[in-house]
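Trainee: Got a structure for you, written out below as structure tokens; questions coming shortly.
Read the figures in this text as sums done on the coordinates, not as results from a lab. None of these values were measured; they are calculated from a predicted model. Note that we place each Cβ from the backbone using ideal geometry, even for glycine, and neighbour counts take in every protein chain shown.
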Amino acid sequence: MTTTLTRFAPSPTGLLHLGHAHSALFAAEHADDGNFLLRIEDIDPGRCRPEFEAAIKEDLAWLGFEWQTPVRRQSEHIDDYRAALDRLQAMGLLYPCFCTRKDIQAEIAAAGHAPHDIPAQNITSGPDGFLYPGTCRHLTPSERADKLAAGEPHALRLKTNTAALQSGPLTWHDRGAGEQQATPEIFGDAVLARKDTPTSYHLAVTFDDAIQGITLVTRGQDLFAASHLHRLLQALLGLPVPDYHHHGLINGPDGNRLAKRDKAATIRDLREHGRSPDEVRAMAGNGDPA
């Protein structure tokens, strides 16, 4: 019988709120005894802070969570992600992109049609925002070499359609929604690394789930679409395919999803106002931020 191993993987960019507690509870409840992992996703050096990482662990411990050690911190494993990028590069599936977000929006607005190589009618946005119109994919080798030699800042993008054709039809299973046909093209040519952030969420989380042996990926419904792209990366890198289960999201009194700026819903604020761990767990489990 397969052991169910899950993880809770916050980014230390702020204090945990009830939505995070709900996600951690969901993961822990679906894991077999002793098979709940904590992972710190700190690949963004501009926003991640050691004090928030310490607060995450303190709040989780106060809530009664226990996790395996050592805790994987993504910033300590950049070489792993670089090796994965090198593999994709050797397959001819990456290219440098020198466009800014403003450049991308301007080209989409000027073109008035779907981006290059996106097989859909009039699509200009995807799960990560504007779909890339393919500008730098069509640079000549000499143009690309000149930009690189000049040290122009750039991202590394995946040739998503090419990669999808190479991998063939792919599926993944969500425990709530059932069998899914992978459609990674909804992301366009996704960014897998930037100069200031040497790996993307998509690449790092896919690699980490595999290397840590996660058998059930539990995360919010807002990340459902990401599984399509992650399934493609698994196929390209020869990684195992876990099950998925996407949970609902906790909304605040205004009806919007809770965010780290919602101080009144942070675990720290609730602790300071005399709430007990059992009360906070019940609030998070019931989705009641009041």
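Trainee: Measure nothing but the geometry: give the 0 to 90° angle between the long axis through the Cα atoms of 101-111 and the longest principal axis through the Cα atoms of the chain, rounded to 10°.
Mentor: 50 degrees
Trainee: Using Cα atoms only, what is the angle between the long axis of helix 277-286 and the major principal axis of the chain, expressed in degrees (0 to 90) to the nearest 10?
Mentor: The angle comes out near 50 degrees.
Trainee: Quick one: which residues, 5 or more positions from Leu170 or on another chain, have an amide H under 5 Å from its amide H? H modelled 1.01 Å from N in the peptide plane, none for Pro or chain starts.
Mentor: Those qualifying (amide H under 5 Å, at least 5 residues apart or on another chain) are Ala182.
Trainee: Could you tell me which of Tyr95, Ala24, Val217 has its Cα farthest along the dipole of the chain towards the positive end, charges placed at Cβ (Lys, Arg +1; Asp, Glu -1), taken about the Cα centre?
Mentor: Tyr95
Trainee: Here's another thing I want to ask about it. Find the lysine pairs in the chain meeting two conditions, Cα atoms under 24 Å apart and a separation of 8 or more places or different chains, and report how many there are.
Mentor: Numbers: Lys57/Lys260; Lys57/Lys263; Lys102/Lys147; Lys102/Lys159; Lys102/Lys195; Lys147/Lys159; Lys147/Lys195; Lys159/Lys195.
Going through the chain pair by pair, I get 8.
Trainee: Please provide three numbers in whole Å: the alpha-carbon extents of the stretch 46-111 along the principal axes, with the largest listed first.
Mentor: The Cα atoms of the stretch 46-111 stretch 54, 32, 17 Å along the principal axes, largest first.
Trainee: Okay, next question. When DSSP beta bridges are limited to those with both residues in the chain, what percentage is antiparallel, rounded to the nearest 5?
Mentor: So the antiparallel bridges in the chain amount to around 60 percent.
Trainee: Which order do the peptides 67-75, 218-226, 174-182, 14-22 come out in when sorted by mean C-beta neighbours inside 10 angstrom, highest first?
Mentor: Order by mean packing, descending: 14-22, 218-226, 67-75, 174-182.
Trainee: What angle, in degrees between 0 and 90 and rounded to the nearest 10, separates the Cα long axis of helix 78-90 from the longest principal axis of the Cα atoms of the chain?
Mentor: Rounded to the nearest ten degrees, it is 30.
Trainee: Quick one: dipole size for the chain, taken about the Cα centre, charges +1 on Lys/Arg Cβ and -1 on Asp/Glu Cβ, in debye to the nearest 20.
Mentor: 520 debye
Trainee: A further question on this structure: Which of the three applies to the chain, rounded, prolate or oblate, going by the alpha-carbon gyration tensor with a ≥ b ≥ c and a/c under 1.5 meaning rounded? Don't jump to the answer; show the numbers that get you there.
Mentor: Working: a/c = 1.82, a/b = 1.68, b/c = 1.09.
Verdict is prolate for the chain.
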